1. G102: part of a helix (DSSP H, G or I) and of a type outside the set (A, V, I, L, M), yes or no?
2. Quick one: what pairs do we get from the stretch 90-101, first residue not assigned by TED's automatic domain parsing to the domain that holds A17, second of a type in the set (S, T, Y) and part of a loop (DSSP other than H, G, I, E, B), C-beta under 6 Å, 6+ apart or different chains?
3. Between a first residue in the stretch 54-77 that is part of a strand (DSSP E or B) and a second residue that is of a type in the set (K, R) and surrounded by fewer than 17 Cβ atoms within 10 Å (Cβ to Cβ), which pairs have beta carbons less than 8 Å apart while being 6 or more apart in sequence or on different chains?
4. Across the stretch 48-62, what is the number of residues that are touching a Leu at 6+ places or on another chain (Cβ under 8 Å) and among the basic types (K, R)?
5. Return the residues of the stretch 181-239 that are more than 18 Å from the chain's Cα centre (by Cα) and farther than 19 Å from P257 by Cβ; say none if nothing qualifies.
6. Can A163 be described as in contact (Cβ under 8 Å) with a residue 60 or more places away in the chain, assigned to a helix (DSSP H, G or I) and under 27 Å from P228 (Cα atoms)?
7. Quick check on this structure: which one of R213, R162 is among the basic types (K, R), closer than 18 Å to R248 by Cα and out of contact with any helix residue (DSSP H, G or I) (no Cβ under 6 Å at 6 or more places or on another chain)?
8. Looking at E229 and the list (1) assigned to a loop (DSSP other than H, G, I, E, B); (2) within 23 Å of S56 (Cβ to Cβ), which single condition is not satisfied?
Amino acid sequence: MAPNQTRDIVLSVELDASPEEVFRAVTDGTEIAKWLAPEAGSTPPESGKKGTIWVSWGEGMRADRELEIYESPKHLRHQAGENGETHAPLYADWIIEAHDGGQTTLRLVHSGFSPGADWDDEFESHARGWKLMLTNLRHYFARHPHEPAVHLVAPQNVEQPRAALWKKLLALVGLSAAPKAGDAFRLTTPKGEALTGTADFVIDGYDLGLVVRERGDALLRFNLMGKPESPSTFVFGYAIAYGPDRDRAAELNESVPLAD
């Protein structure tokens, strides 16, 4: 499929980090686990052989890719799935640009998606996912640079339509029916502990990201997947906790009992 017959996801984020730190964040397994996937690793090119990168969210959710471009600290390119219509490879380009004042722009181009309406859901779900991941990365550099982290996923299938489950999620965390980033939340865990903080990412009906004050500004994330008419919803939830609070990441995943 010719380039003008495809569409691309193009996103960027401003980071309080050097280009070298940002390049490590998208290539080093320990750093990747602080914002993208719980497990990851990479091998740089060597002796004429292409490098590799892999990420995993658990059993059956691992992706291994060859590196097409590895230009530290400016540019990384690798395959990132395949076109749902033509099965041609999709590519992710990570482009890093330094600015005065110690800030760096990370630009992501996820290219090669089919343009037809039949593939809107695939395109939009990838775009939503990347937006949330880049929010995670910005939070890491702004709040927890170089701190160790624990990233735990908590996927579950809930027997409730997505729209109804979204309303339940908002009620459990004390947010309005039309929340926005910056809104304050408050929830009570099953153990009776109050947790507070702010929402830092909202896509109505699909995605909610929370920054939990009592856990050292740890991240708690919910991604709701399912057709509107489906009686059940797959929830990809996860928590990322940093520094001395990282041993309590599992508690965060248990703090909002959606299936009850």
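1. no
2. none
3. W54/R62; V55/R62; S56/R62; E66/K50; L67/K50; E68/K50
4. Residues in the stretch 48-62 being touching a Leu at 6+ places or on another chain (Cβ under 8 Å) and among the basic types (K, R): 1 in total.
5. Listed by number, the residues that qualify are G182, D183, A184, R213, G216, K227, P228, E229, S230, P231.
6. So A163 fits the description; yes.
7. That would be R213, the only listed residue that is among the basic types (K, R), closer than 18 Å to R248 by Cα and out of contact with any helix residue (DSSP H, G or I) (no Cβ under 6 Å at 6 or more places or on another chain).
8. With respect to (1) assigned to a loop (DSSP other than H, G, I, E, B); (2) within 23 Å of S56 (Cβ to Cβ), E229 is out only on (2).
The values are calculated or read from the model by the stated rules, or taken from the named source; none is laboratory data. Source: prediction; values computed, not measured. Cβ sites come from the backbone with ideal geometry, for glycine too, and all protein chains shown count toward neighbours.
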